[in-house]
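The values are calculated or read from the model by the stated rules, or taken from the named source; none is laboratory data. This one's a predicted model, so the numbers in the text were calculated from it and none came from an experiment. Virtual Cβ from ideal backbone geometry, glycine too; neighbours counted across all protein chains shown. For the accessible areas, the whole protein counts, side chains as well, though only heavy atoms, and no ligand, DNA or RNA atoms are used. Shrake-Rupley method; radii C 1.70, N 1.55, O 1.52, S 1.80 Å.
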Amino acid sequence: LADTVRQPTYTAGQVAELLNVPLRVVQSRSSRATHTAADLKSMRMQLRRFPPPLGLRRQVFLSLKGGTGKTSLSTSYAFRLAEMGYRVLLLDLDSQGHATKCLGYDCCTFNQTLMDVLVRRVPLEQVIWQTEMPGLDFVPSNLSMASVDIAMMPLAGREWRMRNALKGLEARYDFVVLDAPPSFGLLNLNAVLAADDLIAPALPDALSVHGFKMLLETLVSVEVDYQHHPSNVFVVLNAYNASFRLAWESLETLQSTYAEHLLATVVRQCSSFSQASSAGVPISLFDRDSRGAEDVNAFVHEVLLRLRTPTATRPPLRLAAVG
Ligand SMILES: Nc1ncnc2c1ncn2[C@@H]1O[C@H](COP(=O)(O)OP(=O)(O)O)[C@@H](O)[C@H]1O
Ligand SMILES: [Mg+2]
């Protein structure tokens with residue numbers, strides 16, 4: 001892959017925006033027209049402009065249905081957080097290795113995946129790779145993950161292996177983002193039991209809305225069986241196209257039925273998502289001015305805002321109230 005794609009560059013204005021400083025501050029430190037991600041990082045260190053810490057958040061992108069945008073959104077979400085100065089670890093849980101590919105890596109070249117961590121107790125550090133975006137690390141996946149559910153089945157503590165594997169990351173990361181495969185087996189049960197937050201992308205159609213209802217029901221039974229539920233469950237409508245009646249009907253259904261879960265940000269339909277994943281780059285790098293990049297940015301900001309809202313001021317999450 002061309003270095004220019006993998007190595008993000010920023011204008012002085014973009015650096016100023018990401019560091020939240022006036023443009024002249026950036027210009028006074030460097031007269032260059034473009035800045036690399038490494039420049040951005042070093043200027044962040046010099047100016048001590050770090051994003052407000054939230055404590056480690058382990059977040060799973062999950063939906064029972066395939067093709068809702070889990071991979072597109074989780075990878076671009078993770079990338080955007082890293083651009084903002086957070087330290088992010090992206091975990092690819094899907095044996096299709098799409099998140100790995102979205103970051104521009106050939107998933108077949110990796111000898112070890114999370115499978116080795118979950119089944120063979122290989123330390124997580126051994127399967128973590130750094131990307132060329134400072135602050136964004138990842139754990140790759142490939143076809144060898146396909147049998148993880150069966151491989152974990154006979155193991156002691158099989159439901160808690162992910163949670164245990166993610167222990168001790170507090171000093172190293174601000175976000176651990178899990179890109180889950182569709183459906184719900186032992187791997188995804190592990191992911192839910194490890195997660196502080198669950199983000200469910202949904203397409204604007206009746207099947208996706210029904211899929212979110214089933215996901216909530218699944219979370220209720222997980223709560224009954226394991227006394228754990230994520231602190232936040234967000235649903236984000238993806239690939240929205242207002243010219244379709246079904247799209248705004250789905251939005252209305254989500255608004256009226258799942259208001260406390262639904263993010264106000266809607267990610268609009270945008271062909272740059274598939275072009276970006278084919279090119280192996282997150283959308284905000286592929287086409288910063290696209291609707292998709294704009295919506296992902298709004299989505300990231302809304303999630304951060306929700307996380308900063310103290311839980312005490314919000315009504316408690318009542319999963320059991322699902323009708
Ligand atoms: N907002 C969007 N607009 C248009 N296409 C999208 C959007 N989000 C995702 N896609 C496309 O939909 C397909 C499925 O997305 P993906 O992220 O792989 O879903 P999942 O991981 O849930 O299976 C991909 O081809 C992706 O490029
Ligand atoms: Mg996927």
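I need the phi-derived Karplus couplings for region 254-267: 6.51 cos²θ - 1.76 cosθ + 1.60, θ = phi - 60°, integer Hz, Gly and Pro marked x.
Each residue's phi maps through the Karplus curve to give 5, 5, 7, 9, 10, 3, 6, 9, 6, 6, 5, 5, 10, 8 Hz.
Which value, in Å², gives the accessible area per residue of the chain when a 1.4 Å probe is used on the protein heavy atoms? Present the calculation step by step, with values, prior to reporting the outcome.
Working: 14370 Å² over 323 residues.
In whole numbers, the chain has 44 Å² accessible per residue.
Using alpha carbon centroids, what distance separates region 98-117 and region 146-165, in Å?
19 Å
For region 145-198, compute Rg over Rh where Rg is the Cα radius of gyration and Rh is the Kirkwood radius from the inverse mean 1/r over Cα pairs.
Values: Rg = 11.6 Å, Rh = 12.0 Å.
Ratio of gyration radius to Kirkwood radius for region 145-198: 0.97.
Carbon and sulfur atoms: what percent of the 1.4 Å accessible area of the chain do they account for? Before the final figure, lay out the partial values.
Working: 7680 of 14370 Å².
Carbon with sulfur: 53 percent of the solvent-accessible area.
Can you find, among Thr68, Met84, Ile199, the residue sitting farthest towards the positive end of the charge dipole of the chain, where Lys and Arg contribute +1 and Asp and Glu -1 at Cβ?
Working it through, the farthest residue towards the positive pole turns out to be Met84.
Would you compute, for the Cα atoms of the chain, the largest minus smallest coordinate along each principal axis and list the three values in descending order, in whole Å?
The Cα atoms of the chain stretch 59, 48, 39 Å along their principal axes.
Nearest 0.05, what FRET efficiency do Glu217 and Gln46 give at R0 = 35 Å with Cβ-Cβ as r? Kindly include the intermediate steps, with their values, before the conclusion.
Numbers: r = 51 Å, r/R0 = 1.44.
The pair Glu217/Gln46 has a calculated efficiency of 0.10.
Please report the antiparallel percentage of DSSP beta bridges with both residues in the chain, rounded to the nearest 5.
Given both bridge residues lie in the chain, the antiparallel proportion sits at roughly 15 percent.
Modelled label-to-label distance, Tyr226 and Thr34, 7 Å Cα→beta-carbon offset: nm?
Going by the 7 Å Cα→Cβ label model, 4.5 nm.
For q values of 0.09, 0.11, 0.20, 0.22 Å⁻¹, compute log₁₀ I(q)/I(0) with the Debye formula on a Cα-only model of region 141-243, without solvent.
So the normalised log intensities are -0.27, -0.40, -1.18, -1.32.
Over all directions, what mean area does the Cα convex hull of region 1-134 project, stated in square nanometres? Provide the component values of the computation, followed by the final result.
Numbers: hull surface 39.6 nm².
That works out to 9.9 nm², a quarter of the Cα hull's surface.
So what is the 222 nm mean residue ellipticity for the chain from helices alone, if each DSSP H run of at least 4 adds -39500 (n - 2.57) and you divide by all residues, rounding to the nearest 500 deg cm²/dmol?
Values: 15 runs with 139 residues, N = 323.
Using -39500 (n - 2.57) per qualifying helix, the result is -12500 deg cm²/dmol.
In region 110-149, which residues have a backbone nitrogen under 12 Å from the label point lying 7 Å from Arg172's Cα in the Cα-to-Cβ direction?
123-130, 137-139, by backbone N distance to the label point.
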